[in-house]
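Step one of this worksheet: look at the structure below.
The values are calculated or read from the model by the stated rules, or taken from the named source; none is laboratory data. Note that this is a predicted model, so its numbers are computed, not measured. Positions of Cβ are backbone-derived with ideal geometry, glycine not excepted, and every protein chain shown enters the neighbour counts. The accessibility values were calculated without ligands, DNA or RNA, using every heavy atom of the protein model including side chains. Shrake-Rupley method; radii C 1.70, N 1.55, O 1.52, S 1.80 Å.
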Amino acid sequence: MNFKVLDFYADWCQPCKLVSKEIDSLEEKYSRFITAVNIEEEDELVSKHCVRNIPTLVFLLNDEEVFRHIGSITSIRLQDLITRFQKETHPKL
């Protein structure tokens, strides 16, 4: 199974900058699942995932959305969510 998190943001968005700092503080074992998506450069992905607000984190298992978080988030909460969905991907973890 394939697990990833899309981090939808814009350079001018202050809450997005806070989320980015939280992502930057994660250990590599968590941050490696996250892909930053600039909404001003990736219209197709924004449309595909129906992103209307930023920051938005879209959690995907096998390219299917399993969870969505809109707004600020702490690194601890993000780490917990990644661990939860990663275990669904690899139940033996």
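Here are a few things to note about the model shown:
- Taking the chain as a whole, the Cys residues whose C-beta sits 4.7 Å or farther from every other Cys C-beta are CYS50.
- Cα-Cα pairs of the chain separated by more than 20 Å (percent): 31
- Residue-normalised accessible area of the chain, expressed per residue, 1.4 Å probe, Å²: 62
- Springs between Cα atoms under 10 Å define the GNM used for the chain, and in it the highest mean-square fluctuation of VAL19, VAL58, VAL66 occurs at VAL66.
- By accessible area, using a 1.4 Å probe on protein heavy atoms only, the chain has 48% of its surface on carbon and sulfur.
- When you work out D = kT/(6 pi eta Rh) for the stretch 1-54 at 37 °C and 0.692 mPa s, using the Kirkwood radius from C-alpha pairs as Rh and the Stokes-Einstein form, the result is 276 µm²/s.
- Magnitude of the charge dipole, the stretch 7-93, Cβ model with Lys/Arg +1 and Asp/Glu -1, debye to 20: 480
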